[in-house]
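Enquirer: One structure coming up, written as structure tokens, with questions to follow.
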Amino acid sequence: MSAAELSRAEVMQHLKGKRITQRQAAEQLGLSVRQVKRLWRAYRADGAKALVSKRRGRSSNHHLAAAVRTQALELIRRRYADFGPTLAHEKLTEAHDLRLSVETVRQLMIGAGLWQPQRAKQVRSHPLRARRPRRGELVQIDGSPFAWFEDRGPVCSLLVYIDDATGQLLELYFAPRETTFSYFAATRRYLERHGRPVAFYSDKHSIFRLTNTTATSGSGLTQFGRAMTDLDIEIICANSPQAKGRVERVHQTLQDRLVKELRLQHLSDQERANAYLPEFMADFNRRFSVPPADPQEAHRPLLPTHNLARVFTLQTSRTISQNLTFQHQKVVYQLQQPRGSRAFRGARVLVREDPQGHITLEYQGRPLAYTLYQQQAQHAEVVPSKFIAPAVEAAHQKQQAQSPAPNHPWRQYGTPLSKPKAARRAAAPAGQPSPAGEG
């Protein structure tokens, strides 16, 4: 007998000895008086065994059919073996029309050894911050380098834009790595789809914030910061990863869900994956987003004066020398003798570089023609730690391009000139002069 059934037997004994009334028995057992009367009649007829549940040892009326259990486990083993129970449940329901609960799928996976329950980590307490009330008021942005295509493609970075008020994914963009131009491309897609948010909330990456605090010249803005200033979008930098926890947590979710969706969609390159991401975002937002506290939209439309193609370029100012030249990225450029050339000496011009590396020169909004005058030799450059791998790979490819092929005739000469000088002298016959030029 279970503990509850033993308690009922004890109350029935008290009732039999007339130490309590049926109403008092009902209060002690938490049952109605009518139910106590039924139990009392059964107890008087068959004793304590009448209080044992008649369903014990019998399968539930709602138990899972063996055929459905077998089908679910076969699908999980064949297609979703490394999925979590929640994601596997979604796929079984939507793709295979198996109506199971999440807990049923979890128990099936645990029983089959496909899922190991994990003990919850001890959570450190951090000050709570309420969500912003309006959609588009604060958008958290960050990049996540990861093997998104597993072994089917190279490691790349996913740029994530998530709304603070609703938890909606507003933009996802695959890029080879986090660079200014990759954030330019992702932000342009975001603005064309949603408009201008009030503020972006990022980490203290050098793309968003100047790291050289001792600089005495310049505007004090990075290229991305200058572009956001032109668009009237504020950039706020978090002091710790926990401060922008919403985008940090969604990285973990995407590294599980998005990786498996890319596998199911047979996607292994960034271009096709970027075309699929809007469909993934719509499904993600349908499942996990929440309504904002204030339904009023905080996004602002783009203005006719916002030329995104011009805004999202690298822009630097240069001073024209006396001979009408200027230097940019170790390259010297020569103006093509514009009208009133003397007025350009010492003038400040704007140099714009687009993602394809095309240079445009402007003076007071007017384009200026130029020619490539001289390209200076490359010197040792300072490379951030996260860009060391691409720099080493580029140097390796450059050396391979400059090195002769294994079957090059140069490698087959084998002339005495390839030997050291001392070896050639020792090999010369006695009394015979050494080769010319060796004294």
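Enquirer: Looking at the range 96-130, which of its residues are in a loop (DSSP other than H, G, I, E, B) and either of a type in the set (S, T, N, Q) or under 27 Å from residue 178 (Cα atoms) (or both)?
Expert: Of everything in the range 96-130, those that are in a loop (DSSP other than H, G, I, E, B) and either of a type in the set (S, T, N, Q) or under 27 Å from residue 178 (Cα atoms) (or both) turn out to be 101, 116, 118, 122, 125.
Enquirer: Just for helices (runs of 4 or more DSSP H) wholly inside the range 202-306: which have at least 3 residues that are surrounded by 13 or more Cβ atoms within 10 Å (Cβ to Cβ), assigned by TED's automatic domain parsing to the domain that holds residue 183 and in contact with an Asp or Glu (Cβ under 7 Å, 6 or more places away or on another chain)?
Expert: Counting at least 3 such residues, we get 245-264.
Enquirer: Looking only at the range 154-179, filter to residues that are farther than 20 Å from residue 208 by Cβ and among the small types (Gly, Ala, Ser); which one of those is nearest to the chain's Cα centre (by Cα)?
Expert: That would be 167.
Enquirer: Across the range 9-32, what is the total count of residues that are more than 60 Å from the chain's Cα centre (by Cα) and either closer than 17 Å to residue 46 by Cα or among the small types (Gly, Ala, Ser) (or both)?
Expert: 10
Enquirer: Please list, ordered by first then second residue, the pairs with beta carbon atoms under 7 Å, 6 or more apart or interchain, first in the range 292-317 and under 23 Å from residue 328 (Cα atoms), second among the basic types (Lys, Arg) and exposed (fewer than 14 other Cβ atoms within 10 Å of the Cβ).
Expert: 317/348
Enquirer: If you don't mind, another one. Scan the range 261-282 and report the pairs whose first residue is more than 22 Å from residue 79 (Cβ to Cβ) and whose second residue is among the charged types (D, E, K, R), with Cβ atoms within less than 8 Å and a gap of 6+ or a chain change.
Expert: Final answer for the pair search is 281/171.
Enquirer: Continuing with the same structure: Residue check: is residue 149 within 27 Å of residue 269 (Cβ to Cβ) and touching a helix residue (DSSP H, G or I) at 6+ places or on another chain (Cβ under 7 Å)?
Expert: Yes; evaluated as a whole, the condition is true for this residue.
Enquirer: Sort out which residues of the range 130-148 are surrounded by fewer than 16 Cβ atoms within 10 Å (Cβ to Cβ) and more than 23 Å from the chain's Cα centre (by Cα), and write them in order of number.
Expert: Of everything in the range 130-148, those that are surrounded by fewer than 16 Cβ atoms within 10 Å (Cβ to Cβ) and more than 23 Å from the chain's Cα centre (by Cα) turn out to be 130, 133.
Enquirer: Could I ask something else about it? Of all the residues that make up the range 304-326, how many are closer than 15 Å to residue 371 by Cα and in contact with a strand residue (DSSP E or B) (Cβ under 7 Å, 6 or more places away or on another chain)?
Expert: Number satisfying all stated conditions: 4.
Enquirer: Here's another thing I want to ask about it. Somewhere in the range 83-98, is a residue free of Cβ contacts under 8 Å to residues at least 60 places away in the same chain and over 30 Å from the mean Cα position of the chain (by Cα)?
Expert: yes
Enquirer: Quick check, is residue 139 within 30 Å of residue 234 (Cβ to Cβ) and touching a residue at least 12 places away in the same chain (Cβ under 8 Å)?
Expert: So residue 139 fits the description; yes.
Enquirer: Let me ask another. Suppose the filter is within 18 Å of the chain's Cα centre (by Cα), more than 26 Å from residue 266 (Cα to Cα) and either of a type in the set (Gly, Ala, Ser) or in a helix (DSSP H, G or I) (or both); does residue 187 pass it?
Expert: yes
Enquirer: OK, next. Got a number for residues in the range 3-60 being touching a residue at least 24 places away in the same chain (Cβ under 8 Å) and part of a loop (DSSP other than H, G, I, E, B)?
Expert: 2
The values are calculated or read from the model by the stated rules, or taken from the named source; none is laboratory data. Since we're looking at a predicted model, the values are computed, not measured. Backbone-built Cβ (ideal geometry, glycine too); neighbour counts: all protein chains shown.
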